[in-house]
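A.B. asks: Here it is, the structure in full.
The values are calculated or read from the model by the stated rules, or taken from the named source; none is laboratory data. Since this is a predicted model, take the numbers as computed values, not measurements. All Cβ positions, even for glycine, are placed from backbone atoms using ideal geometry, and neighbour counts span all protein chains on display.
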Amino acid sequence: MDPKTYKFDTLSLHAGYQPSKNAGSRQVPIYQTTSYMFDDVDHAAALFNLERGGHIYSRMSNPTVQVLEERVCALEGGTAALATASGMSAIFLTIMTLCNAGDHMVVSSQLYGGTVNLFRLTLPKFGIKTTFVKPRDTEGFKKAIQPNTKGIFGELVGNPGNELMNMPEVSNIAKEAGIPLIIDSTYQTPYLCRPFEHGADLVVHSLTKWMSGNGSSMAGILVEGGTFDWMQNDKFPSMTEPYEGYHGLSFAEEFGPTAFTMMARAEGMRDMGPCLAPQNAWNILHGLETLSLRMEKHCSNALKMVEYLSNHDSVAWVSHASAPGHPDKELAEKILPKGTGSMIAFGIKGGKEAGAAFINNVKLASHLANVGDARTLVIHPASATHSQMDEATLKFAGLSHDMIRLSVGLEDFEDIVNDFEDGFRAAKKPRLVANK
Amino acid sequence: MKFKVCGIDTFASTGGRPFDKNKPLIIFVHGSGLSHMVWVLQTRYFAFRGYSVLAVDLPGHGLSSGESLKTIEEMGNWVGDVIGAVGCKEASLVGHSQGCLVTMECVAQHPEKIKTLTLMGGASAIPMNPELLRLAEESNPKAVDLMMDFAHGPAGHFGGHPVPGLYHLNVGSMIVQNKEIKDTLGVDFRACDNYKNGPEIAKKLDLPTLSILGAQDRMCRLKDGKILADYIKGSEVKIIEDCGHMMLLEEADQTLEILKKFIAEHYPLPS
């Protein structure tokens, strides 16, 4: 006897949506509206007071966005989700729900540059400080925890160096300390890894990337695993003590496994308002319908690309957890059995100048500040995505000037290789062809 | 709020309002392995409309301490003791699934204390599938997955929670897995399986009673819910179409509307 609940591929097409409640529309409708009619005064009061479910104003929730939230939640195996205008706003909302002024976070050092700046420069303005730890330094995460630490945050596979955080072990450290582990799982998508199954308590995504796959729309999401006991200690009073903003409601007591998301929506979306546009939610939903198919092709193309680059005489080094000799290969095989994703970092012989020539001379691969598009993308992080870091921070984050970040797309592999050969040819004579 | 019932530290949600023993009391009793959290889309409404609400965690469940009670009879008696423990003399009861057996037992044991009874997804007996019972008693998480499968109707399997962003199959699953499965779900399933007094007790009930049934319920099937309602003299029956066993979440608005009308008619606020 086995449960007949729907599996991953079915959920990616159907979760969170019932046509019978939407005029029979097979496709999810776009509810392009700011606000929703109340039945009467009693109905309005009940909605405002969280007595019943429903929509009030699209800053807080929207029916199209709601489908996206439930669908991603179902795919991740979570209890609740909250979509936001971007991945960065999902992270900001998460930290602002978790922390108060005077609190502290322990954070992996290998992150998207914008996330580094959020923790290093912006959050201190609100009195929230961070200690950065190198992703492979598992013991370092434990040592960095202070009495006022409210969580551990990291990308499972770090951007852009592809170093892995040992999520199960770091999760044990977080559990011992009575704090949640928050994983940015943008690179993996739930197709490659469901972090809740490895001890994470909260997951954030930039949905702009692989989840969408079409490079059309910005979006982010916070997903709650329902695993963290907010009442186990006195570290999270905003979750456990009566909240004045809702007549003394205790989110943890009332909502249990969905408490964090309820709080993030009720307070964070109400007060900060980084809401997702319904059209963008709809675009992301379209992408999700083919998530499995796309991730399989991304991963198979990435494996071929690792082999190609590893054997290329213009390449100094290749970092991808599938690559022979990668320090995290064993861990990756355990946590990411379906594939280690399509992000590759490699060093080009000739350093920064050669890297610039390569990027300026590839034509199929797009030079831009995004990852996870269906198309192949390249960038030189030290001069773009991570350019706001000083030399010391670049080094600590594992970046070098010869590094090229590659997001392998779904094109025919032979066409990508032909394009790269043009780039490598130019890189050998950078002074002659750098400015094509 | 926390209080003691028969020496057990007990938790009950008061729906977000301070408990007031001078207001009419409604007690909500959850189903097997669950907790007060399943009632949030009903309790807060009544708590902010002049009633005192207690969505109790049965002993050993949710935030209540102690060990799970082993029989439906013990649970029914315990719910009756809750009323006195909070300084009240009477209450209306609302039960879901196993909570229907418990509340019927409570009425049988404390008829003078109970003013109305609402049964959601109920039946006069809840015999358990032997394999499901075994899995629950072995703390096998598959028992929870099977329970969530059976408990939600075809539409409920797709999601579409009334509260934006919640995926209710996983919410229910996490509530159950909050405790050791064998200590809550296993004990509760065994208690349901053993309980045989339902038909006889139902025939003796003499108070305003409402049955809310899901047309697609696979845990306590519609026909069994109707049979139970037929046993109860004058029982009202409301059927929610395209809904499974978890009507309090799957069709929370419809459930609340039905309950509101019943409570307003049979257990009104003092004028």
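A.B. asks: Quick one: A:Arg52 ticks every box in (1) more than 7 Å from chain B (Cβ to nearest Cβ); (2) among the charged types (D, E, K, R); (3) over 27 Å from the mean Cα position of the chain (by Cα) except a single one, so which number is it?
C.D. replies: (1)
A.B. asks: Quick one: A:Ser25 ticks every box in (1) surrounded by fewer than 15 Cβ atoms within 10 Å (Cβ to Cβ); (2) touching a residue at least 40 places away in the same chain (Cβ under 8 Å) except a single one, so which number is it?
C.D. replies: Here A:Ser25 meets the rest and fails (2).
A.B. asks: Separate question: Within region B:103-137, can you find the residues that are more than 18 Å from the chain's Cα centre (by Cα), of a type in the set (Asp, Glu) and more than 14 Å from chain A (Cβ to nearest Cβ)?
C.D. replies: B:Glu112, B:Glu137
A.B. asks: Would you pick out the residues in region B:45-67 that are surrounded by fewer than 24 Cβ atoms within 10 Å (Cβ to Cβ) and farther than 22 Å from B:Pro18 by Cβ?
C.D. replies: B:Pro59, B:Gly60, B:Ser65, B:Gly66, B:Glu67 - these are the residues of region B:45-67 that are surrounded by fewer than 24 Cβ atoms within 10 Å (Cβ to Cβ) and farther than 22 Å from B:Pro18 by Cβ.
A.B. asks: From the list A:Ala382, A:Ala427, A:Ala397, exactly one residue is modelled with pLDDT of 75 or more and under 28 Å from the mean Cα position of the chain (by Cα). Which is it?
C.D. replies: A:Ala382 is the lone residue from the list that is modelled with pLDDT of 75 or more and under 28 Å from the mean Cα position of the chain (by Cα).
A.B. asks: Need pairs with beta-carbon distance below 9 Å; first residue within 12 Å of A:Glu224 (Cβ to Cβ) and in the same structural domain as A:Leu222 (by TED's automatic domain parsing) and within region A:177-202, second assigned to a helix (DSSP H, G or I) and among the acidic types (Asp, Glu); sequence gap 6+ or separate chains.
C.D. replies: Here the result reads A:Pro195/A:Glu76; A:Phe196/A:Glu76, each pair linking region A:177-202 to a residue that is assigned to a helix (DSSP H, G or I) and among the acidic types (Asp, Glu).
A.B. asks: Specify which of the listed residues (A:Gly215, A:Gly256, A:Gly287) is away from chain B (no Cβ under 11 Å) and not in a loop (DSSP other than H, G, I, E, B). Before the answer, list the steps.
C.D. replies: Working: A:Gly215 fails: not in a loop (DSSP other than H, G, I, E, B); A:Gly256 fails: away from chain B (no Cβ under 11 Å).
Being away from chain B (no Cβ under 11 Å) and not in a loop (DSSP other than H, G, I, E, B) holds for just one of A:Gly215, A:Gly256, A:Gly287, which is A:Gly287.
A quick yes/no check of all residues on (1) farther than 30 Å from B:Leu133 by Cα; (2) more than 12 Å from every other protein chain (Cβ to nearest Cβ); (3) among the basic types (Lys, Arg):
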| position | (1), (2), (3) |
| --- | --- |
| A:Asp2 | no, no, no |
| A:Asn22 | yes, no, no |
| A:Ile56 | yes, no, no |
| A:Thr79 | no, no, no |
| A:Ala85 | yes, yes, no |
| A:Ala90 | yes, yes, no |
| A:Ala101 | yes, yes, no |
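A.B. asks: Within region A:143-190, can you find the residues that are closer than 15 Å to A:Asn233 by Cα and assigned to a loop (DSSP other than H, G, I, E, B)? Quick ask: steps written out before the conclusion?
C.D. replies: If we filter region A:143-190 for residues that are closer than 15 Å to A:Asn233 by Cα, which is where we start, we get A:146-151, A:174-180.
A:Gln146, A:Pro147, A:Asn148, A:Gly178, A:Ile179, A:Pro180, listed by residue number.
A.B. asks: With crowded, with 17+ Cβ neighbours inside 10 Å, in contact (Cβ under 8 Å) with a residue 24 or more places away in the chain, touching a His at 6+ places or on another chain (Cβ under 8 Å) and among the small types (Gly, Ala, Ser) as the only criterion, which of A:Ala427, A:Ala397 stands out?
C.D. replies: Working: A:Ala427 fails: touching a His at 6+ places or on another chain (Cβ under 8 Å).
Selected residue: A:Ala397, the only one of A:Ala427, A:Ala397 that is crowded, with 17+ Cβ neighbours inside 10 Å, in contact (Cβ under 8 Å) with a residue 24 or more places away in the chain, touching a His at 6+ places or on another chain (Cβ under 8 Å) and among the small types (Gly, Ala, Ser).
A.B. asks: On to the next question. Take the residues in region A:139-161 that are of a type in the set (Gly, Ala, Ser) and touching a residue at least 60 places away in the same chain (Cβ under 8 Å), then tell me which one is surrounded by the fewest Cβ atoms within 10 Å (Cβ to Cβ). Break it down into steps so the answer makes sense when it comes.
C.D. replies: First pass over region A:139-161, keeping only residues of a type in the set (Gly, Ala, Ser): A:140, A:144, A:151, A:154, A:158, A:161.
Of the ones still in play, those that are also touching a residue at least 60 places away in the same chain (Cβ under 8 Å) are A:158, A:161.
Details: A:Gly158: 27, A:Gly161: 19.
Of everything passing the filter in region A:139-161, A:Gly161 is surrounded by the fewest Cβ atoms within 10 Å (Cβ to Cβ).
A.B. asks: Can you name the residue in region A:7-21 that is part of a loop (DSSP other than H, G, I, E, B) and free of Cβ contacts under 8 Å to residues at least 40 places away in the same chain and is also farthest from A:Thr64 (Cα to Cα) among such residues? If you could, list the steps in order and put the result at the bottom.
C.D. replies: Of the residues in region A:7-21, the ones part of a loop (DSSP other than H, G, I, E, B) are A:7, A:15-18.
Imposing the further condition that a residue be free of Cβ contacts under 8 Å to residues at least 40 places away in the same chain reduces the set to A:7, A:18.
Working: A:Lys7: 22, A:Gln18: 12 Å.
Looking at the filtered set, the residue picked out is A:Lys7.
A.B. asks: Counting only residues that are small (Gly, Ala, Ser) and either surrounded by fewer than 22 Cβ atoms within 10 Å (Cβ to Cβ) or at the interface with chain A (Cβ under 7 Å from one of its Cβ atoms) (or both), how many does region B:154-172 have? Reasoning before the result, please.
C.D. replies: Going residue by residue through region B:154-172, those that are small (Gly, Ala, Ser) are B:155-156, B:159-160, B:165, B:172.
If we keep only those that are either surrounded by fewer than 22 Cβ atoms within 10 Å (Cβ to Cβ) or at the interface with chain A (Cβ under 7 Å from one of its Cβ atoms) (or both) as well, we get B:155, B:159-160, B:165.
Here the count works out to 4.
A.B. asks: Moving on. Provide a single number: the residues in region B:122-168 that are of a type in the set (A, V, I, L, M, F, W, C) and in a loop (DSSP other than H, G, I, E, B).
C.D. replies: Keep residues of region B:122-168 that are of a type in the set (A, V, I, L, M, F, W, C), which gives B:123, B:125-126, B:128, B:132-133, B:135-136, B:143-144, B:146-148, B:150-151, B:155, B:158, B:163, B:166.
Next cut, in a loop (DSSP other than H, G, I, E, B) only: B:123, B:125-126, B:128, B:155, B:163.
Adding up the residues that qualify gives 6.
A.B. asks: Looking at (1) within 17 Å of the chain's Cα centre (by Cα); (2) of a type outside the set (D, E, K, R); (3) surrounded by fewer than 24 Cβ atoms within 10 Å (Cβ to Cβ); (4) within 11 Å of chain A (Cβ to nearest Cβ), which one does B:Ala151 not meet, given that it meets all the others?
C.D. replies: (3) is the only condition that B:Ala151 fails.
A.B. asks: Do the conditions hold for B:Leu222, that is, is it touching a Leu at 6+ places or on another chain (Cβ under 9 Å) and either over 29 Å from A:Lys4 (Cβ atoms) or within 14 Å of chain A (Cβ to nearest Cβ) (or both)? Even if it seems obvious, please write down each step before you answer.
C.D. replies: Working: touching a Leu at 6+ places or on another chain (Cβ under 9 Å): yes; either over 29 Å from A:Lys4 (Cβ atoms) or within 14 Å of chain A (Cβ to nearest Cβ) (or both): no.
Against the criterion (touching a Leu at 6+ places or on another chain (Cβ under 9 Å) and either over 29 Å from A:Lys4 (Cβ atoms) or within 14 Å of chain A (Cβ to nearest Cβ) (or both)), B:Leu222 does not qualify.
A.B. asks: Next up: Taking the stated definitions as given, is B:Gly62 in a loop (DSSP other than H, G, I, E, B) and either under 13 Å from B:Ser92 (Cα atoms) or touching a His at 6+ places or on another chain (Cβ under 6 Å) (or both)? Give the steps one after another, and end with the answer.
C.D. replies: Details: in a loop (DSSP other than H, G, I, E, B): yes; either under 13 Å from B:Ser92 (Cα atoms) or touching a His at 6+ places or on another chain (Cβ under 6 Å) (or both): yes.
In short, yes.
A.B. asks: Residues to consider are A:Lys304, A:Lys352; find the one that is modelled with pLDDT under 95, surrounded by fewer than 18 Cβ atoms within 10 Å (Cβ to Cβ) and basic (Lys, Arg). Break it down stepwise before answering.
C.D. replies: Values: A:Lys304 fails: modelled with pLDDT under 95.
A:Lys352 is the lone residue from the list that is modelled with pLDDT under 95, surrounded by fewer than 18 Cβ atoms within 10 Å (Cβ to Cβ) and basic (Lys, Arg).
A.B. asks: When you look at A:Leu123, is it within 30 Å of A:Phe8 (Cα to Cα) and either hydroxyl-bearing (Ser, Thr, Tyr) or touching a Cys at 6+ places or on another chain (Cβ under 9 Å) (or both), yes or no?
C.D. replies: In short, no.
A.B. asks: Which residues, taken from region A:224-249, are within 8 Å of chain B (Cβ to nearest Cβ), hydroxyl-bearing (Ser, Thr, Tyr) and either touching a strand residue (DSSP E or B) at 6+ places or on another chain (Cβ under 7 Å) or touching a residue at least 60 places away in the same chain (Cβ under 8 Å) (or both)?
C.D. replies: Hit for region A:224-249 is A:Tyr246, nothing else.
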